[in-house]
Amino acid sequence: MKHISVYKVFFVLFLVFIPWSITEANYETPYPAQEIVSDSLGFYQSNTCRYSVGEIFQANQINTRIQILPDLKSEIECFGKINGVDKAGEVIKVYVGTNSNIDFLLQSIFWLMMLSFVPKNKSFSQKYPISFAVFIMTSLLFLHLSGEDQFYLSFSDGFDVSLSIDNYLLLSLLIVIPILLNIFTDLIETRFYNLVNFFPFIFLFSGTYNSLNLNFFLIVISFIGIIAIQEGFYSKGFTLIYFVFSIIHLVNFETSDTYFDVDKLKGFINSSHNKSSLLFWTIIIYFFINGLLYTFRESKKYIDLKVIKMNFLISGCLIVIVGIASSVYNYFNYLSYYYLGLNKLGMKSFNSIEGNTWRGISPSAEAAGEYFAIVILFWIIVNKLHLHKVTMFEIILVFINLYGLYRSNNFAATISLVIITLVFLLNNSNLKRQLKISLYVVGVIALIATLNYNNDYTYDFASKTLLHQGISASIISENIQENEYGLNVAENSNFGQILLLGDSDIKLSSSLKYSLTEFNANGNIKFIPDKIAAWSIVSVPINRSEKWGIFLAKYDPSMIQAFFGYGPQQLSEYYLGHPTKYDDGLILPHSSLLDIIIFYGFFGASVLVLFLIAKSLKYRKNYLFAYSSFFILINFIKSDSILYLSSFVLGFFIFNLHDCKIKEAN
């Protein structure tokens, strides 16, 4: 076994270094790679597809001015070679050739190798052969390629989904997919029951492909979901509700030519707006959720809290270390992006960005902060309830995770971690009931006093600021009359007059128009705010007024879409369907609840919220589930975490701890 592990390590190192070291050995004129500076740009621009990353590394080991970026538009023979350089200010951008087919094969093999390091457990037996599941998954990926052709045409002019013998690009993908799925099946046969214990590493190995709008874990967990249906497992209630929503989405869908730049959401969000892509994401998300449910159900008896606790700590620690290394060393930055499957390149500097946040290798500083916080909370609860001996190694890992939380500057995650931890420790202390109640009262008073002390806003301002932000984000005609102070009705927050304006004067979305109407009709009696005013007041102290105001300006659903949503992972219609001042860049709603409303409407969000509340009340005495799920709920309300597969799996993991038969540590 030790020899096998050594061979695995050598093969992983081979995968990491060899593809970037292959070069053209015979030159007409033997020009070695030069140091990349301003004077050598012309040399590299006239010698593209010639020097490998390895050669550039030898000539530029300590060159901090260069940034290494993937070039998705390069030809297959340029894979791993420098395909262009460009100067942007003081930084020189070096573009490395990549290719969709090689990316899919190379990254998949690397992640399969990572799965092979999961310790073996009891063998997982299946009643039926996997050939049907392989066929379904291969067909789904073909549907994806044809439905999101605009995404692939944006960097590959020769992209074609026609089934012909000459279409080597498509045929090679369709041949490789079944092979990789069969390898995955063989790997998890003796590791399936241990997968949940190693779920924390999904936050380290994000699994997003470099040049495909797909995620490795989306594919393999959905594949498990298909196998689960073959084995007779699926939730009847969830399947029925999901089927009804899917029919409504497909029947009411109107195709358009809009292309949504997924940016840091790559691999888990639809980039196109057509029925083929909607059908793919509808089916794949159902299989994905079914695969997660099946994995948790079958693994109940094998969940080991001690192993999960350590994997959380180790994963968080590695995220911090890799984030630091990639921010100070440009070659490591590129390799970590490629082999960890990051949604976007890690930060290229150790310095914080605006808001004093540092996201490291995570696509979102908020998601990173939530992860570090849940790692620490999980560690505290497990150690307290199960009396695990705390080692010095654990203490070191905890401090590294605390450092990651500190650098992410996620104030909400930090405060909620502190409060929930104090409540948990107080509830599980031996103090008398009266003293506990007194401490709770003092804590609540102190919290209210602190919020009031830091609140410089009047009630009138706080109750209107959300609508004001929504109006400010809307497109307003320059011909609107101004008052004696030079302010128009929009700038003056005169909501009644704004509703009287025509579409040529101000382009109000249906959601913003409804909110203005409700606010005006209910009068907003002081200290008895209506639902819109209450939402606005809540948004102010958590710094979400601007983001949620932009959401109101953009969100323009029909009646059916308002109730049932646009469909799973469909952001294009929300983002581009109604013109605003913020149509460029990626400005998200900054609330997982609002994301769910976009996908599944108010009816779908209500069903989910009621289900989670009922589940939380039913299993409230399971402290690990209760405190962890409460932390996830309050933090996801103010972040877009469900748009990232790793955070989605994290939330799913926490909400499925309620009835697990925990394997106790000795």
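The values are calculated or read from the model by the stated rules, or taken from the named source; none is laboratory data. Everything quoted here is computed from the prediction, not taken from an experiment. Counting neighbours? That spans all protein chains shown, and the Cβs are built from the backbone with ideal geometry, glycine included. Heads up: the accessible areas ignore ligands, DNA and RNA and are worked out on the full protein's heavy atoms, side chains in. Shrake-Rupley method; radii C 1.70, N 1.55, O 1.52, S 1.80 Å.
Screening SER336 against (1) open to solvent by less than 20 Å² (accessible area, probe 1.4 Å); (2) in a helix (DSSP H, G or I); (3) within 23 Å of SER416 (Cα to Cα) leaves a single unmet condition, (3). Quick one: in the stretch 391-405, of everything that is without any contact (Cβ under 8 Å) to a residue 12 or more places away in the chain and open to solvent by less than 70 Å² (accessible area, probe 1.4 Å), which residue is nearest to the chain's Cα centre (by Cα)? Within the stretch 391-405, the match that is nearest to the chain's Cα centre (by Cα) is ILE395.
Once the stretch 62-71 is narrowed to residues that are of a type outside the set (D, E, K, R) and open to solvent by 50 Å² or more (accessible area, probe 1.4 Å), the residue that is nearest to ASP86 (Cα to Cα) is THR64. If you scan the stretch 46-97, which residues turn out to be closer than 18 Å to TYR338 by Cα and among the aliphatic types (A, V, I, L, M)? Of everything in the stretch 46-97, those that are closer than 18 Å to TYR338 by Cα and among the aliphatic types (A, V, I, L, M) turn out to be VAL53, ILE56, ILE66, ILE68, LEU69, LEU72, ILE76, ILE82, VAL94, VAL96. Residues in the stretch 44-53 that are surrounded by 14 or more Cβ atoms within 10 Å (Cβ to Cβ) and not small (Gly, Ala, Ser) were compared, and the one that is nearest to the chain's Cα centre (by Cα) is VAL53.
Could you please let me know if LEU385 is among the aliphatic types (A, V, I, L, M) and modelled with pLDDT of 85 or more? Criteria not met by LEU385. Suppose we keep only residues that are closer than 20 Å to PHE216 by Cβ and touching a Pro at 6+ places or on another chain (Cβ under 8 Å) within the stretch 72-104. Which one would you say is surrounded by the most Cβ atoms within 10 Å (Cβ to Cβ)? Among residues in the stretch 72-104 that are closer than 20 Å to PHE216 by Cβ and touching a Pro at 6+ places or on another chain (Cβ under 8 Å), the one surrounded by the most Cβ atoms within 10 Å (Cβ to Cβ) is THR98.
Quick grid of which residues meet (1) outside any helix (DSSP H, G or I); (2) of a type in the set (Ser, Thr, Tyr); (3) surrounded by 23 or more Cβ atoms within 10 Å (Cβ to Cβ):
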site	(1), (2), (3)
ILE227	no, no, yes
GLY232	yes, no, no
PHE238	no, no, no
ILE241	no, no, no
HIS249	no, no, yes
THR255	yes, yes, no
ASP261	yes, no, no
ASN290	no, no, yes
ARG297	no, no, no
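ASN522 satisfies every condition listed in (1) surrounded by 13 or more Cβ atoms within 10 Å (Cβ to Cβ); (2) at pLDDT 80 or above; (3) closer than 20 Å to ALA562 by Cβ except (2). Of all residues in the stretch 168-188, those satisfying the criterion of being of a type outside the set (A, V, I, L, M) and open to solvent by less than 60 Å² (accessible area, probe 1.4 Å) are SER172, PRO178, PHE184, THR185.
The set of residues in the stretch 174-211 being in a helix (DSSP H, G or I) and of a type in the set (Lys, Arg) is empty.
The residue pairs whose first member lies in the stretch 368-390 and is more than 17 Å from PHE199 (Cα to Cα), whose second member is outside any helix (DSSP H, G or I) and hydrophobic (A, V, I, L, M, F, W, C), and whose beta carbons are closer than 7 Å, counting only pairs six or more residues apart or on different chains, are ASN383/VAL390; HIS386/ALA665; HIS388/ALA665. Within the stretch 28-39, can one find any residue that is within 27 Å of PHE205 (Cα to Cα), touching a residue at least 40 places away in the same chain (Cβ under 8 Å) and not small (Gly, Ala, Ser)? No: the stretch 28-39 contains no residue that is within 27 Å of PHE205 (Cα to Cα), touching a residue at least 40 places away in the same chain (Cβ under 8 Å) and not small (Gly, Ala, Ser). Counting only helices (runs of 4 or more DSSP H) that fall entirely inside the stretch 537-612 and contain at least 1 residues that are within 29 Å of ALA413 (Cβ to Cβ) and out of contact with any strand residue (DSSP E or B) (no Cβ under 8 Å at 6 or more places or on another chain), the qualifying elements are 545-554, 572-576.
Do we find a residue being open to solvent by less than 40 Å² (accessible area, probe 1.4 Å), out of contact with any Ser or Thr (no Cβ under 7 Å at 6 or more places or on another chain) and in contact (Cβ under 8 Å) with a residue 40 or more places away in the chain anywhere in the stretch 54-61? No, that holds for no residue. Considering every residue within the stretch 620-632, establish whether at least one is closer than 27 Å to HIS249 by Cβ, at pLDDT 90 or above and surrounded by 14 or more Cβ atoms within 10 Å (Cβ to Cβ). Yes; the residues of the stretch 620-632 include at least one that is closer than 27 Å to HIS249 by Cβ, at pLDDT 90 or above and surrounded by 14 or more Cβ atoms within 10 Å (Cβ to Cβ).
The residue list VAL328, VAL322 contains one member that is surrounded by 18 or more Cβ atoms within 10 Å (Cβ to Cβ) and either more than 16 Å from the chain's Cα centre (by Cα) or of a type in the set (Phe, Trp, Tyr) (or both), which is VAL322. Output yes when any residue across the stretch 588-600 is over 17 Å from TYR514 (Cα atoms), small (Gly, Ala, Ser) and open to solvent by 20 Å² or more (accessible area, probe 1.4 Å), and no when none is. Scanning the stretch 588-600 turns up no residue that is over 17 Å from TYR514 (Cα atoms), small (Gly, Ala, Ser) and open to solvent by 20 Å² or more (accessible area, probe 1.4 Å). Pairing residues of the stretch 85-98 that are of a type in the set (Lys, Arg) with residues that are part of a strand (DSSP E or B) and surrounded by fewer than 22 Cβ atoms within 10 Å (Cβ to Cβ), at Cβ distances under 6 Å and at least 6 apart in sequence or on separate chains, gives LYS93/GLN67; LYS93/LEU69; LYS93/ASP86.
Test GLN107 against the stated conditions and say whether it is open to solvent by 40 Å² or more (accessible area, probe 1.4 Å) and either at pLDDT 90 or above or among the polar types (S, T, N, Q) (or both). No: the conditions fail for GLN107. Take VAL418 and decide whether it is at pLDDT 80 or above and open to solvent by 70 Å² or more (accessible area, probe 1.4 Å). Yes; evaluated as a whole, the condition is true for this residue. Within the stretch 366-390, the set of residues being assigned to a helix (DSSP H, G or I) and among the β-branched types (Val, Ile, Thr) comprises ILE374, VAL375, ILE376, ILE380, ILE381, VAL382. If you filter the stretch 451-470 down to residues that are modelled with pLDDT under 75 and surrounded by 11 or more Cβ atoms within 10 Å (Cβ to Cβ), you find that the one that is farthest from ASN522 (Cα to Cα) is ASN455. Checking each residue of the stretch 405-422 against the condition of being in contact with a strand residue (DSSP E or B) (Cβ under 9 Å, 6 or more places away or on another chain) and not in a helix (DSSP H, G or I) gives at least one match.
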